[in-house]
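Asks: My questions will all concern the structure given below.
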Amino acid sequence: MSIQVNLDLMLAKRKMSVLQLSEHIGITMANISILKNGKGRAIRFDTLSKICQALHCQPGDLLTYVEDEDSGADLME
């Protein structure tokens, strides 16, 4: 199981750059880039809330659950 971060997609839809988002929500460009590139291991609810507010979206627009191909087979047995 993994969570896919669609921040790059939402930034493109809103025609906003990482720099603009960074300035708007007060989070470093480096931290936003980590999230955008799927390298982050966690996100604070406060940060998620700020991103959603800035991009006028819901958390589900930014995060997608992707099931691994073999993870479902183990649970079914």
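The values are calculated or read from the model by the stated rules, or taken from the named source; none is laboratory data. From a predicted model like this one, the values you see are computed outputs, not experimental measurements. Note: ideal-geometry Cβ built from the backbone for every residue, glycine included; neighbour counts use all protein chains shown.
Asks: Quick one: in the range 1-35, which of the residues that are polar (S, T, N, Q) and in a loop (DSSP other than H, G, I, E, B) is nearest to residue 59 (Cα to Cα)?
Replies: First pass over the range 1-35, keeping only residues polar (S, T, N, Q): 2, 4, 6, 17, 20, 22, 28, 31, 33.
Checking the rest, the ones that are also in a loop (DSSP other than H, G, I, E, B) come to 6, 17, 28.
On the way: 6: 10, 17: 19, 28: 20 Å.
Only one residue fits best here, namely 6.
Asks: Considering the range 46-70 alone, what residues qualify as being without any contact (Cβ under 8 Å) to a residue 24 or more places away in the chain and either surrounded by 12 or more Cβ atoms within 10 Å (Cβ to Cβ) or among the hydrophobic types (A, V, I, L, M, F, W, C) (or both)?
Replies: The answer is 47, 48, 49, 52, 59.
Asks: Could you tell me whether the range 36-44 includes any residue that is over 18 Å from residue 59 (Cβ atoms) and modelled with pLDDT under 95?
Replies: yes
Asks: Could you grab the pairs with beta carbons closer than 7 Å, sequence gap of 6+ or different chains, first residue in the range 1-19 and surrounded by 11 or more Cβ atoms within 10 Å (Cβ to Cβ), second one assigned to a helix (DSSP H, G or I) and small (Gly, Ala, Ser)?
Replies: Filtered contacts from the range 1-19: 18/33.
Asks: Then there's this: Has the range 59-74 got at least one residue that is in a helix (DSSP H, G or I), touching a strand residue (DSSP E or B) at 6+ places or on another chain (Cβ under 7 Å), modelled with pLDDT of 95 or more and of a type outside the set (Phe, Trp, Tyr)?
Replies: So far as the range 59-74 goes, yes, one or more of its residues are in a helix (DSSP H, G or I), touching a strand residue (DSSP E or B) at 6+ places or on another chain (Cβ under 7 Å), modelled with pLDDT of 95 or more and of a type outside the set (Phe, Trp, Tyr).
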